[in-house]
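Right, one structure below, let's go through it.
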Amino acid sequence: MSSSKSEPGLNNSDEQSGTALTEEEASRYDRQMRLWGLEAQQRMRNATILVVRLRGVATEAIKNMVLAGIGKLVIVDGEDVAEEDLGAGFFFRDEDVGRKRLDAAKPRIESLNPLVTVETVANAISLQSAEFESIIETVDLVCITDESRDTLIQINQLCRKHKKPLYTGGTYGLHGYIFCDLLTHEYLAPIRGESGEAPKTVKTSAKYTSLDQALQHKWSGLTRRQTKEVNPALVFSILALWQYQSLHGNQLPNAVENADELESIANGLIQSADVNKQVLTRIPRDLMESLSVTANHEFSPVCAIVGGMLAQDILKALGGRDPPIANLFVFDGNTGSGTTIRMKMA
């Protein structure tokens, strides 16, 4: 694991307390502290975030988290830069093709904010290994992007074992998702005071669920209107892609000929989840054909939106000021809109 950090000039008592900001930090983060407050900024500054896989969504999320002033970023990715990485991976250049992704990206990430420690693991390690588990133990929050469902479930179990919050996100062509398991998360929620009184906040909490439990969510409790509002066709299209990967050795569909199988999987999931039949009984064929052709490709604008929202929600969770996503968000690139659904959450 390699590491680098400019000295921010903390004295010993500051380092031990992990609370006081230096003059340089106060100056750099002044505008955002006006937005979310000193205490939230301190939480971000004291946090260590693990990011697994450096593709388009992670690239955007990393940029935003580093600029916001998290304390330490640990990135795990053992792959080389490929030509297809150049489209959405703005940390890479043409001459980086064939190099390790992290060797190419690390100095460019560090240049965004010299006050943030950047550590990288550029050798290929198994996400089921003791080495990877030991990394999870040392961080405050885990973020894994563009991974298969089965791997996400395994990592989620590791995170729960060590009581670490988990975010995951990814894109499939024009569409994307974010899922989070924040265990039991406390945050400040606004409450309506008496007429003429200043706004108030109260500390509240939300109990999250693991991904494998969320996937067992039944939709029978939603009304027709509620079901329609959360874009169930896209939700089940993404869940079908995960199931397809599980059946095909982590490979995504890459041709229109795969649409029949993907459609069959999605329609089966709709039936088993008890989705309101007045809203959805079958996935639209054009959506299945589109995903079958594009799911394996990254589009920079979609990565920017999903990665930006992923970083924003991670910072929100760290700051503890507002409620984060609860707990699945899907983005529809055809309409430019997104919706959130509570999967197996109270």
Task: Positions within the stretch 35-56 being part of a loop (DSSP other than H, G, I, E, B) and either among the basic types (Lys, Arg) or open to solvent by less than 10 Å² (accessible area, probe 1.4 Å) (or both), in sequence order - done: 47, 53, 54, 55
TODO: Go through the stretch 26-52 and count every residue that is more than 18 Å from residue 139 (Cβ to Cβ) and in contact with a helix residue (DSSP H, G or I) (Cβ under 7 Å, 6 or more places away or on another chain).
DONE: 6
Task: Criterion violated by residue 21 - all others in (1) open to solvent by 30 Å² or more (accessible area, probe 1.4 Å); (2) part of a helix (DSSP H, G or I); (3) in contact (Cβ under 8 Å) with a residue 12 or more places away in the chain satisfied - done: (2)
Task: Matching residues in the stretch 213-233 - criterion: being open to solvent by 50 Å² or more (accessible area, probe 1.4 Å) and not in a loop (DSSP other than H, G, I, E, B) - done: 213, 224, 225, 226, 228, 229
Task: Enumeration of residues in the stretch 95-113 that are within 21 Å of residue 24 (Cβ to Cβ) and open to solvent by less than 30 Å² (accessible area, probe 1.4 Å) - done: 109, 113
Open item on the list: Looking at (1) within 19 Å of the chain's Cα centre (by Cα); (2) open to solvent by 30 Å² or more (accessible area, probe 1.4 Å); (3) closer than 26 Å to residue 39 by Cα, which one does residue 202 not meet, given that it meets all the others?
Closed with: (1)
Task: Criterion violated by residue 79 - all others in (1) modelled with pLDDT of 95 or more; (2) over 27 Å from residue 46 (Cα atoms) satisfied - done: (1)
Open item on the list: Quick check on this structure: which one of 262, 310, 328 is more than 29 Å from residue 182 (Cα to Cα), modelled with pLDDT of 95 or more, buried (at least 21 other Cβ atoms within 10 Å of the Cβ) and of a type in the set (A, V, I, L, M, F, W, C)?
Closed with: 262
Open item on the list: Being surrounded by fewer than 19 Cβ atoms within 10 Å (Cβ to Cβ) and over 17 Å from residue 253 (Cβ atoms) is the filter here; which residues of the stretch 283-303 pass it?
Closed with: 300, 301
TODO: Would you confirm whether any residue within the stretch 57-80 is within 16 Å of residue 304 (Cβ to Cβ) and polar (S, T, N, Q)?
DONE: yes
Open item on the list: Six or more apart or on different chains, Cβ atoms under 8 Å: show the pairs whose first residue is in the stretch 277-302 and more than 24 Å from residue 169 (Cβ to Cβ) and whose second is in a loop (DSSP other than H, G, I, E, B).
Closed with: 281/275
- [ ] Mind listing whichever residues of the stretch 253-283 are in a loop (DSSP other than H, G, I, E, B), in contact with a helix residue (DSSP H, G or I) (Cβ under 6 Å, 6 or more places away or on another chain) and of a type outside the set (S, T, N, Q)?
- [x] 253, 275, 279, 280, 282, 283
Task: The listed residue being surrounded by fewer than 19 Cβ atoms within 10 Å (Cβ to Cβ) and free of Cβ contacts under 8 Å to residues at least 24 places away in the same chain, out of 340, 335 - done: 335
TODO: Being among the polar types (S, T, N, Q) and either open to solvent by less than 10 Å² (accessible area, probe 1.4 Å) or farther than 17 Å from residue 318 by Cβ (or both) is the filter here, so list the residues in the stretch 57-94 that pass it.
DONE: 59
Open item on the list: Regarding the stretch 298-309, can at least one residue be identified that is part of a loop (DSSP other than H, G, I, E, B), within 30 Å of residue 205 (Cα to Cα) and in contact with a helix residue (DSSP H, G or I) (Cβ under 8 Å, 6 or more places away or on another chain)?
Closed with: no
Open item on the list: Please pick out the residue among 274, 313 that is farther than 24 Å from residue 144 by Cβ and of a type in the set (D, E, K, R).
Closed with: 274
- [ ] Would you point out the residue of the stretch 235-252, among those that are in a helix (DSSP H, G or I) and free of Cβ contacts under 8 Å to residues at least 24 places away in the same chain, that is most open to solvent (accessible area, probe 1.4 Å)?
- [x] 247
Open item on the list: Here's a check for you: in the stretch 154-171, which residue that is in contact (Cβ under 8 Å) with a residue 40 or more places away in the chain and over 14 Å from the mean Cα position of the chain (by Cα) is surrounded by the most Cβ atoms within 10 Å (Cβ to Cβ)?
Closed with: 160
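The values are calculated or read from the model by the stated rules, or taken from the named source; none is laboratory data. These figures come from a predicted structure and were not determined experimentally. With ideal geometry, Cβ positions are generated from the backbone for all residues, glycine too; neighbour counts draw on all protein chains shown. To get the accessible areas, we keep the full protein, side chains included, count just its heavy atoms, and leave off ligands, DNA and RNA. Shrake-Rupley method; radii C 1.70, N 1.55, O 1.52, S 1.80 Å.
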